[in-house]
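Visitor: Questions regarding the structure given below will be posed in turn.
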Amino acid sequence: MRNFIDDLECDEAPLGDMIAEENGINTAPRPGTSLQRPMSRSIGTVRPSTNTGRPITGFARPGTNTGRAPPSAGGRDQLSTALQQLNRGSSGRPMTSSVGRPTTSLGRLVRIGTASLQNDPDGEFIRPPTLNFQKFVDNQALAKALMDYLVFVLRDMPKALELASEATKHCKYEDWWWKARLGKCYFHLGLLRDAEKQLTSALKSSDALLASMELARVYMKLDQPLVAINTYKSASLQYPGDPTVRLGIARVAAAVGDESASIETYKEVLQLDPVNCEAIASLAAHHFYNDQPEIALRYYRRLLQLGVVASAEIWNNLGLSCFYAQHWDLCLTCMERALVFAEDKTVADVWYNIGHIGIGVGDLALAYQAFKVSVAYDNSHAESLNNLGVLEHRKGNTELAKSFFQSSSTADGSLYEPSFNASLICYDEGNVQGCMDNLNASLDKFPEHTVSNNLMKTLKDRLMAL
């Protein structure tokens, strides 16, 4: 089972799927009804986002990463597959025993019908192109095991679809399990409406949790998050004690920007499963970004007590929570632990946070060096570049500060701080046009920013007075 992949927990959208997407969606949906247009926040702050544009939640859940799904069997090297199917040895001849007998399996001569099940130490255990699915559907237990192997191990969706179709016909379209597997195959092949039809039919035959979860995934792919939430809620009525359904509701609510509903659902998850890591981490991040670091610190300590594998992220979050909770003696110690566990992709973030702590305690030399190290590890780390610009402007190096702000905006177009900081420099220099341009750029990224709106109002009043 080491190659068994449960794709319900790794539902990422590869770049190729995004480019070749052919499913039409509404170009101007109402806020909160589409993943393309989540709800806006009424408060004057903005949370950091992942590379995919989603707010950081404190847990690497489906849809927040940039990983790629495992390749399907259809994309493998055809030459290598053909060579494996020939079952040839290093000499180039068909493999035989030392006495020249034909290849045998468990003491029997290999017949054509069983050759595809022969164990090859250098290849796959089962070779789908040589299977006769009509023979397998008579034995339902064996057919279901083969189906799961094709779907979760080989990722050969065309062959899995062929087997599911034969089995559904054999069962006279009455077995919900085969309908659910048909829907799963259609989903992975991009036939979303066919997948919806099969999964809906499966739910009419049985209130299966698996079919409900798969159907919700289909609606998420169709950019119908509210329908997905209703599907999860219907499943929760049938399985009130299962936290998986409520996790799905919380994830969709977070994806559309309904943070309050997401947090309430995570609390319900903890009532059902007090050791659920995703719920604990998400609640910790919520309290941290809502100025409650003491509560966030309790949640992160709980993660360590649960025996979660120590990582740079946990120690980094612990360090920041200690810093904002005024545990000055512990914050840098936690950051040192984070550096020990940090990988190349997270070292820059840890050093950035160390620099942020340096600014908080007034050690600007430490902060400057930490931001420099962060940029050395990742020369496109926008937050560090922005803070370096602020420190350079404080030293009086205005042109260098402008350069850092420009580099920060180029590295991450979603940050509003570099544009706002550049507008302040232009305002001090009397460059009204430059100030207006940068303010407009800042407000485009974060329309609720209070200081930007106040500065824009001041500029307009002065221009009107002229």
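Any read-out appearing in this document is the output of simple, stated calculations on the displayed coordinates, not a laboratory observation. On a predicted model such as this, the values are computed, not experimentally measured, just so you know. Counting neighbours? That spans all protein chains shown, and the Cβs are built from the backbone with ideal geometry, glycine included.
Visitor: Using alpha carbon centroids, what distance separates region 140-200 and region 246-291, in Å?
Guide: A separation of 33 Å, based on Cα centres.
Visitor: Related question: Hey, if you put +1 on the Cβ of every Lys and Arg and -1 on every Asp and Glu Cβ in region 291-341, which of 305, 328, 292 ends up farthest toward the positive end of that dipole?
Guide: Of 305, 328, 292, it is 305.
Visitor: Same structure again: Apply the a/c threshold of 1.5 to the C-alpha gyration tensor of region 209-355 and tell me whether it is rounded, prolate or oblate.
Guide: prolate
Visitor: Could I ask something else about it? With the Cα gyration tensor of region 291-341 in hand, convert its eigenvalues to equivalent ellipsoid semi-axes via √(5λ) and list them largest first in whole Å.
Guide: Equivalent ellipsoid semi-axes, largest first: 16, 14, 7 Å.
Visitor: Right, here's the next one. Given 37 °C and 0.692 mPa s, compute D for region 226-280 with the Stokes-Einstein relation, Rh being the Kirkwood radius over Cα pairs; round to the nearest whole µm²/s.
Guide: The calculation lands on 301 µm²/s.
Visitor: Would you mind ranking 347, 252 so that the residue whose beta carbon has the fewest other beta carbons within 10 Å leads the list?
Guide: 347, 252
Visitor: Hand me the chymotrypsin sites (Phe, Trp or Tyr not before Pro) from region 259-299 located in a DSSP loop with no more than 11 other Cβ atoms within 10 Å, in residue order please.
Guide: Nothing satisfies the criteria.
Visitor: Let me ask something else. What number comes out for the charge environment of residue 335, summing +1 per Lys or Arg and -1 per Asp or Glu over other residues with Cβ under 13 Å away?
Guide: -3
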